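Everything on this sheet refers to the single structure shown next.
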Amino acid sequence: MKYVFAVLVSAAIIWSFLVPDAPMFQRPELARIFFWHFPCPMMLTAFMCLGAFFSLRYFVKITLPLEPETNPTERRLWDLRATAALELGFLYAILTMATGIVFSKAQWGALWQWDPRQTSFLIALLIYGAYFALRAAFSDPDQKAAYSAAYMLAATLPLIFLIFVFPRLPQVLAVSFHPTDTIMGGNLKGQYLYVTLTLLALVSVLSGWVYRLRVKAGLLEIDNELEDASGATGAIPVVRPVRVPAED
């Protein structure tokens, strides 16, 4: 399946360069940046919502007074899922900003326009990044998980407002360069629509695979921590064979 997926990605990349230039674009040959820009905020939204949901599950687990005592490993698992989702979401947030800057240069002639949508997304990116700064401030795993889960729950509504609500306010739309109805308004048609949806599907599959790998790696880290805390021996050292001379 990995080889099939690699072939599909290669074919989609070649297809993206074979589509005709966009005549309404300032630099028609650079319109293809949209193929790579559009999947990034979609993945950001999905993983940000997943991270908020997993953070809520962890938060509920540690605040229900009538619930029997929860296995600490189960709590850590919800924190691990939230962290893995938010790490990928933050990666796509950075890619959204980077491809958006390229789009700005190609379409509007400058890397940064101080467009309201650019500015609001930059603020959202800083709020999002503060989640990882908060995690780095605590060495205790339980404190790290609890405080970061609470922060994510508090930051979710501001992030949603800055990313989705603020750019669509009438006052903002009146002065913003950024298009808002490319997909919903039916302005993306023909091969551009097909390539965009194809790459979105492939990026979604790739993201799901990377997320699973990240969770598996986190589970190995948790298992090692539990083994060390219980006093169990670590990994068995490698013993190399030694040649012993034969006795006479």
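The values are calculated or read from the model by the stated rules, or taken from the named source; none is laboratory data. Everything numeric in this text was worked out from a predicted model, so none of it was measured. Note that we place each Cβ from the backbone using ideal geometry, even for glycine, and neighbour counts take in every protein chain shown. All accessible areas refer to the heavy atoms of the entire protein, side chains included, with ligands and DNA or RNA removed. Shrake-Rupley method; radii C 1.70, N 1.55, O 1.52, S 1.80 Å.
For this structure, a couple of remarks:
- The set of residues from the stretch 169-198 being within 18 Å of Gln118 (Cβ to Cβ), modelled with pLDDT of 85 or more and not in a loop (DSSP other than H, G, I, E, B) comprises just one member, Gln171.
- Some residue of the stretch 21-28 being closer than 22 Å to Trp108 by Cβ, open to solvent by 40 Å² or more (accessible area, probe 1.4 Å), assigned to a loop (DSSP other than H, G, I, E, B) and out of contact with any helix residue (DSSP H, G or I) (no Cβ under 7 Å at 6 or more places or on another chain): yes
- Given (1) at pLDDT below 95; (2) open to solvent by less than 30 Å² (accessible area, probe 1.4 Å), number of the condition Leu77 does not satisfy: (2)
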